[in-house]
Amino acid sequence: MDALQTGMRSLPELLNLQQQLKKRREQQQNYLAVCGDTGCTAWGSQNIKGVFQKCLQQKGLDHITGLKFTGCLGLCESGPVVIVFPQGIFYQKVKESDIEEIVEQTLLQGKIVERLLYQDPLSGEKIIYAPEIPFYRKQERILLVNNWEIDPSSIEDYLALGGYSAFGSVLASMDSEYVIGEIKKSRLRGRGGAGFPTWQKWEECSEMAAAQKYIICNADEGDPGAFMDRSLLEGNPHSVLEGLIIGGFAVGATEGIIYVRAEYPTAVQKIRRALIQAHELGLLGENILGSGFSFNVSVSVGAGAFVCGETSALVASVEGRVGEPRQKPPHLAERGYNNCPTVINNVETLANIPSIISKGAEVYRRTGTEKSGGTKIFSLVGKVRNTGLVEVPLGVSLREIIFDIGGGIKGGKAFKAVQTGGPSGGCLPASMLDLPTDFDELKAAGSMMGSGGMIVLDEETCMVDLARYFLKFLNDESCGRCFTCREGLSRMLEMVEAITKGQSSMAEFALLKELAAVVKDSTMCGLGQTGANPVLSTIRYFAEEYRVHIEEGRCPAGVCRDLIQFQINTELCNGCGACRNKCPVEAIEGEAKAPHLIRAALCTKCGICLETCRYNAVIKL
């Protein structure tokens, strides 16, 4: 199309192009959505895509059935995922060898390949259609819904589904004050962690008198186990870009920056492609669509320092300096990037903007809570049956997410805790399962929303060891500028490690609690202020587990190596020799067909004997 080649110069051209693409899409309802997100790609979905293309050509279906290599389809546990449209038939764990059967049976004969269907882990029922799978049925997918329908490398797909209509409406009939007013009425709060009202940032920056302003998209997602922002950028980059452009218009910025970590090469590639496409269409650049509004966007790739998620450290990194936070005030809205007024918004925050403008704030805020409008995307991982991306209204309980959507705990184990908010978050026990996923409720419980990481833990998790793990991460990632953060986290880590080794006392434990409170209250940036949360929350809800480690010299979960030992039950051991043959340090001895013995002095407590024994003769004490 000419418009795609030469760029558009007016709003009517944009509307005309959208209508053309919409009609063309309506004529092509048959297509295969192959998940191309990082998880499914690791399972080989790139190869599956290629085999599908070849098979469709051989069967003469390539002009009838489209093929979209999409972003994340949500149910990562079942990858690679393929959905057949328009029916919505959901096939999981698809292999290259399955493709010809899918094409022959489903596309040509209208039959279902039953062995590839999703099977509910609780009822055993096989489910044909994606929307009927409990994992999807319990969600409210506003931001992720288009991942099923969009090839992220195609701006045409985004336009055909109404993409950039919100931006067009802003240019046609809105001013900065109106846009910010809609965001205020929507009750949108920042999805990066702190939950600060988005409109306040925008209003403060818009009121600054300056020739140059900036708006930055924070895609420096650094929480272990979190992949929400990456999946949004990889699955629907134009939704984030449109939100960034509207934000630029609202605050009076002429330049936007997308700050993304180098560990996300696919996201970097896709957002750069999206920028090129938007420029070619005339949606970025000078005098956009003849409106008089000019806006350009660049990509800044960070080195992946966790502390650069803090806004002033992020700005320093974009400027090419060491990523260290600075004292505030002045706030970024006064003096940010290049000493100019600057607004920083998270990826998910910006992805919400087009929906708010298109549907209106009144419609948007019907979802969520009284203080927080909309949905929240969580990366649901850990000891849960259905891992993946989950989008739910704010205020939904932890129980609904973990058990109704996640399918409960793997292997019939008991639920122990859920860790929310990333390494700076907290661990909440079973008694808190009915807690709403709300910024204020989670904070009051000793955790936080964070960017949306949610790690489910079962009975085999040691909470002391978990606190040690997150403390080590935070200690490594601290920039070291604050004494209380630099030395406090390091000392807290030493103290928790001593507990895991049985080398502590209750007096030291009391000192640990005191030190955690000091670090929380006296550090400059969010990393240090929340860095004590893993310790404080596990002490708050699992103090008994600390006591058992210290006073009884025992790890109840059997995780801390220095506090466990392996023995062989001679009544159950038949002398098969499997454990002896697998032991890497030759710590097991015994005659064939006679009970064996573990020599404690040589045992490294690797647990291979426990995993190897088929007769449950190896015991972990």
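The values are calculated or read from the model by the stated rules, or taken from the named source; none is laboratory data. Since the structure is predicted, the reported quantities are computational estimates derived from the model, not experimental observations. Virtual Cβ from ideal backbone geometry, glycine too; neighbours counted across all protein chains shown.
Among the candidates GLY407, GLY412, GLY388, which residue alone is without any contact (Cβ under 8 Å) to a residue 12 or more places away in the chain and in the same structural domain as MET454 (by TED's automatic domain parsing)? One residue alone meets the criteria, GLY412. Scanning region 519-573 for residues that are surrounded by fewer than 14 Cβ atoms within 10 Å (Cβ to Cβ) and under 30 Å from GLY309 (Cα atoms) gives a single hit, ASP521.
Only one entry in VAL343, VAL307 is crowded, with 23+ Cβ neighbours inside 10 Å, within 26 Å of LEU144 (Cα to Cα) and not charged (D, E, K, R), namely VAL343. For region 382-415, a residue qualifies if it is in contact with a Leu (Cβ under 7 Å, 6 or more places away or on another chain), within 15 Å of LEU435 (Cα to Cα) and in a strand (DSSP E or B), and exactly one does: SER397. Confirm whether LEU143 is crowded, with 21+ Cβ neighbours inside 10 Å, assigned to a helix (DSSP H, G or I) and under 26 Å from the mean Cα position of the chain (by Cα). Judged against the criteria, LEU143 is not a match. Which numbered condition in (1) of a type in the set (Gly, Ala, Ser); (2) buried (at least 23 other Cβ atoms within 10 Å of the Cβ); (3) free of Cβ contacts under 8 Å to residues at least 24 places away in the same chain is the only one that ALA219 fails? Evaluating ALA219 over (1) of a type in the set (Gly, Ala, Ser); (2) buried (at least 23 other Cβ atoms within 10 Å of the Cβ); (3) free of Cβ contacts under 8 Å to residues at least 24 places away in the same chain leaves (3) as the failure. Just one residue in the set LEU474, LEU466, LEU512 is surrounded by 21 or more Cβ atoms within 10 Å (Cβ to Cβ) and either at pLDDT below 95 or not in a helix (DSSP H, G or I) (or both); that residue is LEU474.
Scanning region 238-269 for residues that are among the hydroxyl-bearing types (Ser, Thr, Tyr), surrounded by 22 or more Cβ atoms within 10 Å (Cβ to Cβ) and more than 24 Å from GLU203 (Cα to Cα) returns a single hit, TYR264. When SER173, SER169 are screened for being assigned by TED's automatic domain parsing to the domain that holds ASN236, hydroxyl-bearing (Ser, Thr, Tyr), over 28 Å from LEU398 (Cα atoms) and without any contact (Cβ under 8 Å) to a residue 40 or more places away in the chain, only SER173 passes.
Do you know which of the residues in region 477-498 that are of a type outside the set (S, T, N, Q), part of a loop (DSSP other than H, G, I, E, B) and touching a residue at least 12 places away in the same chain (Cβ under 8 Å) is nearest to LYS520 (Cα to Cα)?
Checked region 477-498; the qualifying residue nearest to LYS520 (Cα to Cα) is CYS482.
All conditions in (1) more than 30 Å from ALA313 (Cα to Cα); (2) within 26 Å of the chain's Cα centre (by Cα) hold for ARG191, with the sole exception of (1). Counting only helices (runs of 4 or more DSSP H) that fall entirely inside region 533-621 and contain at least 3 residues that are among the charged types (D, E, K, R), the qualifying elements are 533-547. Among the residues of region 340-352, is any without any contact (Cβ under 8 Å) to a residue 60 or more places away in the chain and out of contact with any Asp or Glu (no Cβ under 9 Å at 6 or more places or on another chain)? Checked region 340-352: no residue is without any contact (Cβ under 8 Å) to a residue 60 or more places away in the chain and out of contact with any Asp or Glu (no Cβ under 9 Å at 6 or more places or on another chain). Filtering region 290-324 to residues that are under 19 Å from GLY195 (Cα atoms) and assigned to a loop (DSSP other than H, G, I, E, B) leaves only GLU310. Checking SER424, SER447, SER358, SER431 one by one, the residue that is under 25 Å from PHE542 (Cβ atoms) and either at pLDDT 95 or above or surrounded by fewer than 24 Cβ atoms within 10 Å (Cβ to Cβ) (or both) is SER431 and no other.
The set of residues from region 337-376 being of a type in the set (Asp, Glu) and in a helix (DSSP H, G or I) comprises GLU348, GLU362.
Among the listed residues ARG230, ARG189, which satisfies the condition of being of a type in the set (Lys, Arg), crowded, with 22+ Cβ neighbours inside 10 Å, in the same structural domain as ILE353 (by TED's automatic domain parsing) and modelled with pLDDT of 95 or more?
From the options ARG230, ARG189, the qualifying one is ARG189.
For first residues located in region 86-107 and within 15 Å of TYR31 (Cα to Cα), partners that are among the acidic types (Asp, Glu) and lie 6+ apart or on another chain with Cβ distances below 8 Å form the pairs TYR91/ASP98. Among helices (runs of 4 or more DSSP H) entirely within region 8-67, having at least 2 residues that are free of Cβ contacts under 8 Å to residues at least 40 places away in the same chain and over 28 Å from VAL268 (Cβ atoms) singles out 11-26, 45-58.
Is there a residue being modelled with pLDDT of 90 or more and surrounded by 22 or more Cβ atoms within 10 Å (Cβ to Cβ) anywhere in region 123-132? The answer is yes; a qualifying residue exists.
Annotation: of all residues in region 31-72 being closer than 16 Å to TRP148 by Cβ and out of contact with any helix residue (DSSP H, G or I) (no Cβ under 8 Å at 6 or more places or on another chain), the one that is surrounded by the most Cβ atoms within 10 Å (Cβ to Cβ) is SER45.
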